[in-house]
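See structure below.
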Amino acid sequence: MDDLAGFLRTRRSRVDPASVGISTDSRRRVEGLRREEVAHLSGVSVDYYVRLEQGRATQPSEQILDALARVLGLDETEREHLYRLARQRRRRAKAPGMGVPPAGGWGRVRPELLRVLDLVADAPALIMDHRLDVLAGNRLAGLLHSRPMAGLNTARHIFLEEAERGLYADWEKCTLDVVGHLRLAAGKYPEEPRLASLIGELAMGSERFRRLWARADVRARTHGRKAYLHPLVGLLELHQENFALPDEPSMELVVLSAAPGSPAEDGLRLLAGLGAESGGARPAVNARVRE
């Protein structure tokens, strides 16, 4: 699903030679750095680096990974992804079951977490897993998306459901975030069939997804602006905060809040009122609740 060789090739192609002290002229045909240039700047042999990009090299040391990360200008998220990919072969050899669900299964939400969702009354809140499956959502989350939360996968929603694309005011940025997140997930769970199936489905159904996936970008979802164009209340400029859940390594609590006194706060209040008038449902919770 993902590999060290492909990641190295895409990162190498994005390094400006001038930024690492290499002069170029109009005859240069290579985009980014050449393999021998990366090898020289990293202090490894050209043969070894070529074998790395061909997927034939043995497990690289921490020192080599550090040098490659420095030469390729990787940020913290990309660095962690590089180390994870480099260790996959050894982990597979020691633990063939790596990357598959634990015995209890993924996606089971503790009742205590569902109570937390109920307590978040003034902001859309949901619990999402590494595949971007929404496992549970509060009432406002359902009203924001104009649909039940159970069964929603935000990657499919963004890439494959054309009628829903207008909900996302920053649709192109959302697609970058989704692909970057799924790339990270693929590095953490390289042998998980459901994740592989989702990525294949998105690649088959969306040309944009295929192009972005080929870039091998990785992004960690933590916090930031998220704008929606709701058909009833208009533009909602919200702040998304992602919270890691203790003992739930594949899940996050996502809360979309509005700044006090902002038009978005008024919009959420209006949305909640409209939902109440129309008999809005209680939170749509995934049925796989942990007993």
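The values are calculated or read from the model by the stated rules, or taken from the named source; none is laboratory data. Please read these numbers as outputs of a predicted model, since none were measured by experiment. Positions of Cβ are generated from backbone atoms using ideal geometry, with glycine treated the same way; all protein chains shown enter the neighbour counts.
Against the condition more than 30 Å from residue 150 (Cα to Cα), out of contact with any strand residue (DSSP E or B) (no Cβ under 9 Å at 6 or more places or on another chain) and either at pLDDT 90 or above or not assigned by TED's automatic domain parsing to the domain that holds residue 251 (or both), how does residue 103 come out, does it pass?
Values: more than 30 Å from residue 150 (Cα to Cα): no; out of contact with any strand residue (DSSP E or B) (no Cβ under 9 Å at 6 or more places or on another chain): yes; either at pLDDT 90 or above or not assigned by TED's automatic domain parsing to the domain that holds residue 251 (or both): yes.
No, not satisfied.
Total residues in region 252-291 satisfying the condition of being modelled with pLDDT of 70 or more and either basic (Lys, Arg) or within 20 Å of residue 151 (Cα to Cα) (or both): the figure is 6. Taken over region 252-264, the criterion of being touching a residue at least 12 places away in the same chain (Cβ under 8 Å) and not in a strand (DSSP E or B) is satisfied by 258, 259, 262, 263, 264. Among the residues of region 15-35, just one is in contact with a Gly (Cβ under 9 Å, 6 or more places away or on another chain), part of a loop (DSSP other than H, G, I, E, B) and either surrounded by 14 or more Cβ atoms within 10 Å (Cβ to Cβ) or in contact (Cβ under 8 Å) with a residue 24 or more places away in the chain (or both), namely 15.
When 203, 163, 121 are checked against the criterion of being in the same structural domain as residue 263 (by TED's automatic domain parsing) and touching a residue at least 12 places away in the same chain (Cβ under 8 Å), 121 stands alone in meeting it. Could you check, for region 36-46, whether at least one of its residues is in a helix (DSSP H, G or I), out of contact with any helix residue (DSSP H, G or I) (no Cβ under 6 Å at 6 or more places or on another chain), outside the structural domain of residue 215 (by TED's automatic domain parsing) and under 16 Å from residue 63 (Cα atoms)? Yes: one or more hits. The set of residues in region 214-247 that are part of a loop (DSSP other than H, G, I, E, B) and either on the phi < 0 side of the Ramachandran plot or among the aliphatic types (A, V, I, L, M) (or both) comprises 216, 217, 218, 219, 220, 221, 222, 231, 232, 233, 246. Looking at region 152-161, is at least one residue in a helix (DSSP H, G or I), touching a Lys or Arg at 6+ places or on another chain (Cβ under 6 Å) and either closer than 24 Å to residue 224 by Cα or at pLDDT 90 or above (or both)? Within region 152-161, not a single residue is in a helix (DSSP H, G or I), touching a Lys or Arg at 6+ places or on another chain (Cβ under 6 Å) and either closer than 24 Å to residue 224 by Cα or at pLDDT 90 or above (or both). Pairs linking a residue in region 124-143 that is on the phi > 0 side of the Ramachandran plot to a residue that is in a strand (DSSP E or B), with Cβ atoms under 6 Å and 6 or more positions apart or on different chains, are 132/153.
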